[in-house]
Amino acid sequence: MKRILTFGASSSSKSINKRLAHHVATLVPEAQINLIDLNDFEMPIYSIDREADGIPEAAHRFKKHISESDGIIMSFAEHNGTYTTAFKNILDWISRIERKVWEEKPMLLMATSPGGNGAATVLDAAAAGLPYLGANVVGKLSVPNFGDVFGEEGIKDVEMNEKFIAFAGLLSESLQEN
């Protein structure tokens, strides 16, 4: 059974990105899903001065989740065209533990929003930048108009769910190769 680390790169208590990441993770056959919440890893805003006092325990806990996984699924919220502050701060801290943060683990990147852009700007930035930190991006997917795709009871758009199944298959294939 493959261990999949899953999270929405958002601190919203009602994160649609966390919901999306979890849904796609459920489509990976024989996956043991580790769904985490960024709110469980709050720490001071990174600075070189604060680093001199030591790396927070929360950063080590987050990094441990990465190390214990076989693959990663994350979905990005977009704040002013870029990462949320919560995600960026965690990334800054854990990159001080190990530069190749993501350990070359196969990774699916997604983003969604209520609007028509589907947070594509931050998704493109993540797909371009995270490989410098050891990300092995095997697929990326932007999901515009989240409310048209997901309802209270789950998937409303069956055609989009077929895309999710195929997308999850990219991670599954990559995990079988490793």
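Bear in mind these aren't lab numbers, they're just calculated from the coordinates by the rules spelled out. Fair warning: this is a prediction, and the values are worked out from it, not measured in the lab. All Cβ positions, even for glycine, are placed from backbone atoms using ideal geometry, and neighbour counts span all protein chains on display.
Taking ILE72, is it farther than 22 Å from VAL28 by Cβ, touching a strand residue (DSSP E or B) at 6+ places or on another chain (Cβ under 9 Å) and crowded, with 22+ Cβ neighbours inside 10 Å? No; evaluated as a whole, the condition is false for this residue. Do you know which of the residues in the range 1-46 that are among the aromatic types (Phe, Trp, Tyr) and under 17 Å from PHE76 (Cα atoms) is surrounded by the fewest Cβ atoms within 10 Å (Cβ to Cβ)? Checking each candidate, the answer is PHE41. Output the residues belonging to the range 75-106 that are among the small types (Gly, Ala, Ser), within 14 Å of the chain's Cα centre (by Cα) and part of a loop (DSSP other than H, G, I, E, B). Result: ALA77, single match. Condition first: surrounded by 20 or more Cβ atoms within 10 Å (Cβ to Cβ) and more than 17 Å from VAL24 (Cβ to Cβ). Can you find one or more residues in the range 131-143 that meet it? Scanning the range 131-143, I find no residue that is surrounded by 20 or more Cβ atoms within 10 Å (Cβ to Cβ) and more than 17 Å from VAL24 (Cβ to Cβ), so the answer is no.
Scanning the range 152-171 for residues that are touching a helix residue (DSSP H, G or I) at 6+ places or on another chain (Cβ under 7 Å) and in a loop (DSSP other than H, G, I, E, B) returns LYS156, ASP157.
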